[in-house]
Amino acid sequence: MLIELHNIFKTYKMGENEVHALNDVSISIERGEYVAVVGQSGSGKSTLMNILGCLDTPTSGSYVFNGMDVSNLSDSRLARIRNLEIGFIFQGFNLLFTLTALENVELPLIYQGVGGGERRRRAAKALELVGLGDRLRHRPSELSGGQQQRVAVARALVTDPPIILADEPTGNLDSKSGGELLEFIDELHAAGNTIVMITHDSNVAGRARRVIRIMDGQVISDEMSMGPSNDQGPRPLDPKEDTEPCPQHDDSDMWYI
Ligand SMILES: Nc1ncnc2c1ncn2[C@@H]1O[C@H](COP(=O)(O)OP(=O)(O)O)[C@@H](O)[C@H]1O
Ligand SMILES: [Mg+2]
């Protein structure tokens, strides 16, 4: 099992009040699944994404990721796991606006200590994969919203992570760009990638094979759906072919991708 959440609670203290953003959530996700997490605004979706993505730790409960209990790891250990194991796609793209598309995609590799030539080669390949091979030197301001999100997808993919987490990835896109992005995510799933996509849109969720519904911080249903994508089974566990050994680097960096 790639992901096991056991009785996860997340409580935010707001002065006198406590907000129970997650209230006893237990979920398991296998390698190769395409899971949509749906729920209304404020239901706890982003809180769940932050915990799944090791951006935050639960107030209580245990999270076993890829066989390791990550519930209580230090920030620097969590940063390392994020960099190596998780590809993030956010609603707001989260690109650095002073960098080119190529440089944005190179960033997670810099944090893995991958050397310059190899880094640029892999970043260019990831951008080609998302159809932006002719936009390597463009900055985000010189790209459309759909293209910016594709740069973010390339950045999520460039490390070849075992899981891709997307939080409302189509939320800032027009319907055509959003549709293209969803098709691309279908292809990633068909190629064996594990995808967890958070959305409040049931049409978007309809593409996943499994839909987990949350309300007020609790799972209210967890069902297989008839999603259109072809499940070709889990991706093999072989070591990543294209990864260089990681030299020491400063783990205190707050880079989260
Ligand atoms: N950092 C925070 N501090 C206090 N309350 C928060 C924080 N983040 C989220 N919440 C609250 O937790 C609940 C769940 O929020 P969130 O996970 O962002 O929901 P969703 O992504 O489904 O809209 C909401 O009531 C929200 O106001
Ligand atoms: Mg949210």
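The values are calculated or read from the model by the stated rules, or taken from the named source; none is laboratory data. Small disclaimer: the values here were computed from a predicted structure and weren't measured. Backbone-built Cβ (ideal geometry, glycine too); neighbour counts: all protein chains shown.
A few notes on this one:
- Candidate set from segment 1-16 (those that are farther than 20 Å from Gln218 by Cβ and within 23 Å of the chain's Cα centre (by Cα)); member that is surrounded by the most Cβ atoms within 10 Å (Cβ to Cβ): Leu2
- Filter pass, Thr98 being surrounded by fewer than 20 Cβ atoms within 10 Å (Cβ to Cβ), away from ligand 1 (no atom under 16 Å from the Cβ) and touching a residue at least 40 places away in the same chain (Cβ under 8 Å): yes
- Yes/no for Ser71 being of a type in the set (Ser, Thr, Tyr), out of contact with any His (no Cβ under 6 Å at 6 or more places or on another chain), closer than 23 Å to Lys45 by Cβ and modelled with pLDDT under 95: yes
- Residue list for segment 170-203, restricted to those being within 16 Å of ligand 1 (Cβ to nearest atom), more than 15 Å from Gly53 (Cα to Cα) and not small (Gly, Ala, Ser): Thr170, Asn172, Thr199, His200, Asp201
- Residues that are free of Cβ contacts under 8 Å to residues at least 24 places away in the same chain, assigned to a loop (DSSP other than H, G, I, E, B) and either within 11 Å of ligand 1 (Cβ to nearest atom) or over 12 Å from Leu5 (Cβ atoms) (or both) within segment 58-81 comprise Gly67, Asn72, Leu73, Ser74, listed in sequence order.
- Against the numbered list (1) modelled with pLDDT under 50; (2) closer than 21 Å to Ser144 by Cβ, Leu173 comes up short only at (1).
- Leading residue by the ranking (surrounded by the fewest Cβ atoms within 10 Å (Cβ to Cβ)) among those in segment 176-206 that are hydroxyl-bearing (Ser, Thr, Tyr) and at pLDDT 90 or above: Ser177
- When segment 42-57 is filtered for residues that are within 6 Å of ligand 1 (Cβ to nearest atom) and of a type in the set (S, T, N, Q), the ones remaining, listed by number, are Ser43, Ser46, Thr47.
- Unique residue being away from ligand 2 (no atom under 13 Å from the Cβ), of a type in the set (S, T, N, Q) and at pLDDT below 95 when the list is Asn23, Asn66: Asn66
- Some residue of segment 33-54 being away from ligand 2 (no atom under 16 Å from the Cβ) and either among the charged types (D, E, K, R) or surrounded by fewer than 16 Cβ atoms within 10 Å (Cβ to Cβ) (or both): yes
- Scanning segment 1-22 for residues that are of a type in the set (A, V, I, L, M, F, W, C) and touching a residue at least 12 places away in the same chain (Cβ under 8 Å) gives Met1, Leu2, Ile3, Leu5, Ile8, Phe9, Ala21, Leu22.
- A count restricted to segment 203-223 and to residues that are part of a strand (DSSP E or B) and free of Cβ contacts under 8 Å to residues at least 24 places away in the same chain stands at 3.
- Test: residue in segment 128-142 that is modelled with pLDDT under 95 and among the hydroxyl-bearing types (Ser, Thr, Tyr): no
- Matching residues, segment 23-57, being under 30 Å from Asn203 (Cβ atoms) and without any contact (Cβ under 8 Å) to a residue 40 or more places away in the chain: Ser28, Gly42, Asn50, Cys54
- Conditions (1) among the aliphatic types (A, V, I, L, M); (2) touching an Asp or Glu at 6+ places or on another chain (Cβ under 8 Å); (3) near ligand 1 (Cβ under 8 Å from one of its atoms): number failed by Val19: (2)
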